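Written out below as structure tokens is the structure these notes cover.
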Amino acid sequence: MELIKYLFLGFVQGLTEALPISSSGHLLIFKTLLQANIDFDTLAIITNFGSLIAIMFFFKKDIINLLNSFFKYIKTKENQYKNDFKYCLLVIIGCIPAGLAGVLVKKFGVLDFLEDNVKIVGVSLLITATLLYLVRNFDGKKTSNTMMPKDALKVGAFQILGLLPGVSRSGSTIVGGMFTKLKRDDAFKFSFMMYIPISFAATLLEIKDVVASNISTIMWIYCLLATIVAGIMTYYATKWFRKIVNEGKLIYFSYYCLVVGLLVIIFL
């Protein structure tokens, strides 16, 4: 039964990490429902790493091309690499607001009072529902080549909302991209390009907590298996979500967050 619970939570993490419905919020909801003897914090850190690997694999061609162009432009200054170089800088700029906010939250425990508060998740899901509803018909004209640093900062500012349990990081950044008048697929891609360095940095900051958790060997095995499940689910959920974004159907996730948020507030 313990293994089944870990695999199920890995499934939940993988599915909700890519979708705009908050993985951290859903893990806290199931932590409350299951009342299981599981180290949810350690599980969340480890399975999130599985999701990170899956998203990097999904965008592997983009990542390789961007990194190649970034260093080639530094070396040669050739115009053919300039747009990709600029895009990498925009990703870095977009990560600054949430990066600084994340460090402050971690260092000073700003949001510690929200931990394990499932009612906050309910309220945050309503916030996510509202954001997704507001951009239900948005489809801008800007592309990654016409983005400006101020656009990246705006999207990055929206990513700060993702620090709240229940506010989706992918949802908030895609909303930010649409508010800056990016095309749907460009908003989608920029959102996940920002996720990669932020998630990688967060993993590095939290790894000491995993090492200090002193979980048993069998629990490590369970976490590893849950991470594999999370990675597989994240890959396919990301692929599915991209299609939904491009079809302009974010409204369905707005409805989902509204219903789940209200149920959490009323019953949990």
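The values are calculated or read from the model by the stated rules, or taken from the named source; none is laboratory data. Keep in mind that what you see is a predicted model, and the values were worked out from it rather than measured. No Cβ is skipped: glycine too gets one built from the backbone with ideal geometry, and neighbour counts run over all protein chains shown.
Total residues in segment 121-151 satisfying the condition of being farther than 14 Å from Leu90 by Cα and part of a helix (DSSP H, G or I): the figure is 14. Looking across segment 174-227 at every residue that is among the polar types (S, T, N, Q), part of a helix (DSSP H, G or I) and touching a residue at least 24 places away in the same chain (Cβ under 8 Å), the one that is surrounded by the most Cβ atoms within 10 Å (Cβ to Cβ) is identified as Ser191. All of Lys106, Lys86, Lys75, Lys60 fail the test of being touching a Leu at 6+ places or on another chain (Cβ under 7 Å) and among the basic types (Lys, Arg), apart from Lys106. Within segment 28-43, the residues that satisfy the criterion of being among the aliphatic types (A, V, I, L, M) and either modelled with pLDDT under 90 or buried (at least 24 other Cβ atoms within 10 Å of the Cβ) (or both) are Leu28, Leu33, Leu34, Ala36, Ile38, Leu43. In this structure, does Pro97 turn out to be part of a loop (DSSP other than H, G, I, E, B) and at pLDDT 90 or above? Spelling it out, it is not the case that Pro97 is part of a loop (DSSP other than H, G, I, E, B) and at pLDDT 90 or above.
Report yes if Ser22 is small (Gly, Ala, Ser), under 16 Å from the mean Cα position of the chain (by Cα) and over 16 Å from Phe200 (Cα atoms), otherwise no. Considered against the rule, which asks whether it is small (Gly, Ala, Ser), under 16 Å from the mean Cα position of the chain (by Cα) and over 16 Å from Phe200 (Cα atoms), Ser22 comes out as yes. Cβ-Cβ distances below 8 Å connect the following pairs, each with a first residue in segment 21-38 that is touching a residue at least 24 places away in the same chain (Cβ under 8 Å) and within 18 Å of Val167 (Cα to Cα), a second residue that is of a type in the set (Asp, Glu) and surrounded by 23 or more Cβ atoms within 10 Å (Cβ to Cβ), and a separation of six or more residues or different chains: Ser23/Glu17.
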